[in-house]
Amino acid sequence: MSESTPIETVWIDGEFVEAAEATESVLAHGLHYGAGVLEGVRYYDSGMGSVLFHWDDHLDRFYRSARLFDLDIEYDRAELTAAAIELVRAHEFRDGYLRPLAYFGPSFDGPSLHEIEAFPTRVVLMTWPRASRIHDDGIDVMTSSWRRLSSTQVPTTAKLTGPYASNMLARLEARRNGYEDAIMLNSQGEVAEGSTANLVVVDDGDIRTPGPAADILDGITKTAVVELARDLEYHVEDRTRISRGELYDADELFFVGTGAEITPIVSLDGMAIGSGTVGHHTRRIRERFFEVVRRTTDEYDDWFTYA
Ligand code: PMP
């Protein structure tokens, strides 16, 4: 984040604190072993204030992920929701990214998580500006040599901080090789997802996307986009298995996720996907997505929390 990023305030354990004062001890357990949980939530300028996209689902996943570490988030949904809304309102930007984070604080005692009561737990909300990127030319991606972690190694449907090391290596490998991002296969060699987004395949006007059995993070944006696509009368197979080879024959590919929103993929491993330009169906679904999140339609109102 640049120094000019206008993050003024963060919320830590019930208090609003100036961002510059929000520092952490080097003894924080979460810093050493990645036993933390995180969320990423988009909010959009609706023209009448900001709207948080699927906030309730992000909160669900936040609490669900924390249970895995016996990490006790002592704030209930109403408290975190009120804090999030106040934090969004406290900043001038209306298009942003909100990051809930919870981890074990300073009480350094090796990687152990037993006697967890001795560890102070931190719960933090922070926000920064984030405008949508339309990616009109689409992006070039590669198949990563790093495999998506298996859910026999770590629960892949949770959003835990430590396992992101694997996703970061995949993205770094892609960037080093001149690609924008990576597609990760799972330990069986089937298609899993992007480094920080889910993958959607369009073939003959039908849509397919891997499900949790492929060891993906079953994204909140993907679930929403599947609903939108079905409402646009697409046939969608949401929990399918996809082989690597099928990707090169696809008509269109795109990423979906909180950060990615809808990001068209125009080549994979140096091979054009379809025509090698942003496809018709990707455009159509993307346009619909932005109509909805910018609230130029009043449909899908229950997807939004008004700040
Ligand atoms: N997979 C991974 C690995 C991710 O990091 C993300 C971003 N959270 C996604 C998928 C998309 O999930 P969501 O739509 O819930 O942000």
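Structural remarks
- Our summary gives segment 23-98 a relative contact order of 39 percent, counting only alpha carbon pairs under 8 angstrom and 6 or more residues apart.
- Taking every alpha-carbon pair under 8 Å whose residues sit at least 6 apart, segment 144-230 reaches a relative contact order of 29 percent.
- Of the GluC sites (Glu not before Pro) in segment 84-144, those whose Cβ has at most 10 other Cβ within 10 Å and which sit in DSSP loop: E92, E115
- Dmax and Rg, reported as Rg then Dmax, of the chain (C-alpha, Å): 19.6, 58
- Scaled to the globular estimate 2.2 N^0.38 Å, the Cα spread of segment 1-138, given as radius of gyration, is 1.12.
- Between D45 and Y248, the contour length at 0.36 nm per residue exceeds the Cα-Cα span by 69.4 nm.
- The string of couplings for segment 149-164 from the Karplus curve (6.51, -1.76, 1.60, θ = phi - 60°) is 3, 8, 6, 7, 9, 7, x, 7, 7, 9, 10, 9, 5, x, x, 5 Hz, one whole number per residue in order, with x for Gly and Pro.
- Gaussian network model of the chain, Cα within-10 Å springs - most flexible of L185, L27, L268: L27
- Segment 127-254 has equivalent-ellipsoid semi-axes of 22, 18, 16 Å, by the square roots of 5 times the alpha carbon gyration tensor eigenvalues, sorted largest first.
- Of the residues A35, A165, A214, the one that moves most in a GNM of the chain with alpha-carbon contacts below 10 Å is A165.
- Only helices enter this figure: runs of n ≥ 4 DSSP H residues, each worth -39500 (n - 2.57), summed and divided by the residues of the chain, yield -7500 deg cm²/dmol at 222 nm to the nearest 500.
- For segment 212-254, the square roots of the Cα gyration tensor eigenvalues, ordered a ≥ b ≥ c, give a/c of at least 1.5 with a/b no greater than b/c, which places it in the oblate category.
- Backbone phi angles across segment 176-193, fed through the Karplus curve with coefficients 6.51, -1.76 and 1.60 (θ = phi - 60°), yield HN-Hα couplings of 4, 9, x, 9, 6, 7, 10, 9, 9, 8, 8, 5, 8, x, 8, 5, 9, 6 Hz in residue order; Gly and Pro are listed as x.
- Charge context of V202, other residues only, Cβ under 9 angstrom, K/R +1, D/E -1: -4
- Qualifying trypsin sites (Lys or Arg not before Pro) in segment 118-196, DSSP loop, other Cβ atoms within 10 Å at most 12: R133
- Contact order normalised by residue count of the chain, Cα under 8 Å, 6+ apart, percent: 20 percent
- The Cα trace of segment 182-307 gives Rg and Dmax of 14.2, 44 Å, the first to one decimal, the second as a whole number.
- Rounded Å value of the spacing that divides the Cα centres of segment 255-305 and segment 3-72: 26 Å
- Distant alpha-carbon pairs in segment 18-73 (separation over 17 angstrom), percent: 59 percent
- Built amide H within the under 5 Å cut-off of L185, gap 5+: S144, R148, A192
- Residue with peak Gaussian network fluctuation, the chain [Cα springs, cutoff 10 Å], from M126, M48, M184: M48
Where a number appears in this text, it was derived from the coordinates with a stated rule and is not lab data. For clarity, every value in this text was computed on a predicted model and none was experimentally measured. All Cβ positions, even for glycine, are placed from backbone atoms using ideal geometry, and neighbour counts span all protein chains on display.
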